Amino acid sequence: MSMKDLALSNVKNRKRSYGAHFFSSSFAVMIFFIYAILIYHPQLKDGIQATSPSMAKFATMGMQVSQYVIVIFSFFFIMYSVSAFLQTRKKEFGLMMMLGMTNRQLNRLLFIENMIIGCLSIVTGIAAGLLFSKVFLFGAEKLLMLDKGLKFFIPWKGVGLTFGIFFLVFMIISLFTSRFVRVNEMIELLKGDRKPKKEPKPSIFLSFLALLFIGASYILVYLFATEPSFAELHILLAVVLFAIIGTYFLFSQLNVFVMKKLQKNEALLFRRTNMLTIPELTYRMRDNSNMFFMIAIVSAVAFTAVGTIAAAGNQVNLVKTGNPYAVYYHSYGNNEQENEHVALIEKEMSNAGFANKKAHLAIKPLLHVEGQNYMEVMSASTFNKASQLFNGQQISLSENEAVLIPGTIMNDVDFKTTADGMDTLLIGELNEELQVSDMINELIVPQYQFSNIIAVIPDDIYDRIPTFTQEEDDFRSEQQLIGYVVDDILTTTNVSQTIFDKIYQSEDVMYNGSFSFHSLAQDYIMSKQMNGILLIVGLLVGIVFFVSASSFIYFRLYSDVDRDRRQYRMISKLGLTRKELSKVLTTQLFILFFAPIIVACIHSGMAFFALQQLLKDMWSIAGTTLIVLAFFLALQIVYYLIIRWRYVKMMQRELV
């Protein structure tokens, strides 16, 4: 039998053992290849460029960075998985060397085995990517709001790139596989996993630190979200650092400490099969603490990132919150094209059937007065006409009264805090003082176009405030804003694009500072495409990380499979039944699979709570984030059920 035949025979005989490694590697190849399809697909690139040229560049960059991340992560993941499986074959390698196999022949055998598995993974991953490519292209079409459907496409450059990169990854790892089984004495190989394990000895002090650091991180994140004085970057960094340290001590010390305490509870320990379950879990918690820590942290980051991106992309009102107008035109004092542009906009909007709800706002800046911040004013009649479009409040002012409204979206608390101390309003140009009689939290101007606070004053006072062109005084020119209110903003997509193309006919016009045109539909599509790209990138990379992290648990289980077989074979001689064995293994596997995921969900939940508090009433993320967490939990449950079924079945064969 040649070395190639022996390697092929080993792979065939160990196909169940290498199943998780093969599946995870193929999955990583498939995701990498899907990114290649999205990058090289000509329709996708053209579709994004039709909305924004910069968006296509951002999309391509995001996909390419994701490919780099997947390759780097896959390299270390495959190296870990190969190492885990080779450790279980030490006894087999010892027998081969006893029968005369040299180190060079052993290294060659391992190299051929790993390259066979690697090539099969690459071919399977590319084939699976092609098989499911239409599903992913359909999802990309919906997420990126592309008008034209994405056709099935085989990127031959992507096929070559995928095969070449992963072939190189497997070759480099295969060349170093000999380092994973290097020992000084053959007897160490023959002993395999029969070395006795040391008894876990957790530290009470470090166990307490786990609670202290995690509790401190949760308290700080609560204060960061609810107390303005704590909303600093160093507080956020402390939250992350404390959570990481606390999670490490949680799995390496606190979990083991709790399990040791449970062992001392005789009433619990001697109840049914707990004598088998609790001590075994104590050892597994200690041995797998680093793995649990990494899974918990990586999963928490993935859950939080994917949940936030998904929630942002699912909010149609998020774009509308800071801008009440579907289409608006903003003109300054020296705009010579104002009348021409306004006539063009009114004509196009009227032809499209959107001219019935229009607001025309005239706004003047106040001269800066000592003790009074810079702000802008509008007349009461202007406010009432605009507010009527939104079924808002109507106001009536006496000669010396003024009302404050926000120039940007704010909740009631922030609005009152910002306007605190503005009891009077000094009109410096007229040397008159008005009393602020009320504050109305109603946004009738697009945010970031005017000051944070706008004063509504009587019409006669507004008319008497002098105005200048922008050339004479940059800070005293009257501004005009014409906005159209439309319930369904997406219905204005075509007409707003038509207006945009006619106004901005040249690059010089694009940078003209005397006017600006804005379309909420275009902003929404841009936002959806941005979040769609981030969601594609985040979700696919997150799934690769999640599947690989879950596979780590399987690798650890398989590395102890021989020891478990001997253990349960001996215990079965004392009367252990199949039902009792199934219960013991089910309990152990459930804790091993879900302990780090539950911790990750709790960490993510605190992050989502903080984010929701910061957003307050502007944006609800609860529904979307729950869906994301449920999705990852469902994946973990399915994987757990499959592994549990195989592992229990494997152990039951050892019963006498």
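The values are calculated or read from the model by the stated rules, or taken from the named source; none is laboratory data. As the structure is a prediction and not an experimental result, all values here were calculated from the model. Please note: Cβ atoms are built from the backbone with ideal geometry, for glycine as well, and neighbour counts cover all protein chains shown.
Can you tell me which residues in the stretch 158-215 are in a helix (DSSP H, G or I), of a type outside the set (Phe, Trp, Tyr) and at pLDDT below 80?
Thr177, Ser178, Arg179, Val181, Met186, Ile187, Glu188, Leu189, Leu190, Lys191
Among the polar types (S, T, N, Q), on the phi < 0 side of the Ramachandran plot and modelled with pLDDT under 75: which single residue out of Asn323, Asn274 fits that description?
Asn274
May I ask you to say which residue of Ser350, Ser379, Ser396 is touching a residue at least 24 places away in the same chain (Cβ under 8 Å) and assigned by TED's automatic domain parsing to the domain that holds Leu443?
The conditions single out Ser379.
Can you confirm whether Ser550 is within 30 Å of Gln480 (Cα to Cα) and buried (at least 19 other Cβ atoms within 10 Å of the Cβ)?
In short, no.
I'd like to know if the stretch 331-349 contains one or more residues that are within 21 Å of Phe390 (Cβ to Cβ), in contact with a Pro (Cβ under 9 Å, 6 or more places away or on another chain) and surrounded by 15 or more Cβ atoms within 10 Å (Cβ to Cβ).
For the stretch 331-349, residues within 21 Å of Phe390 (Cβ to Cβ), in contact with a Pro (Cβ under 9 Å, 6 or more places away or on another chain) and surrounded by 15 or more Cβ atoms within 10 Å (Cβ to Cβ): absent.
Would you check if Ser252 is among the hydroxyl-bearing types (Ser, Thr, Tyr) and touching a Lys or Arg at 6+ places or on another chain (Cβ under 9 Å)?
yes
Test of understanding: among Tyr283, Tyr248, which residue is within 24 Å of the chain's Cα centre (by Cα) and either more than 21 Å from Ser207 (Cβ to Cβ) or in a helix (DSSP H, G or I) (or both)?
Tyr248
Restricting to the stretch 113-130, and then to whatever is under 21 Å from Met79 (Cα atoms) and without any contact (Cβ under 8 Å) to a residue 60 or more places away in the chain, can you tell me which residue is surrounded by the most Cβ atoms within 10 Å (Cβ to Cβ)?
Among residues in the stretch 113-130 that are under 21 Å from Met79 (Cα atoms) and without any contact (Cβ under 8 Å) to a residue 60 or more places away in the chain, the one surrounded by the most Cβ atoms within 10 Å (Cβ to Cβ) is Met115.
Is it the case that some residue within the stretch 101-117 is assigned to a loop (DSSP other than H, G, I, E, B) and at pLDDT 75 or above?
yes
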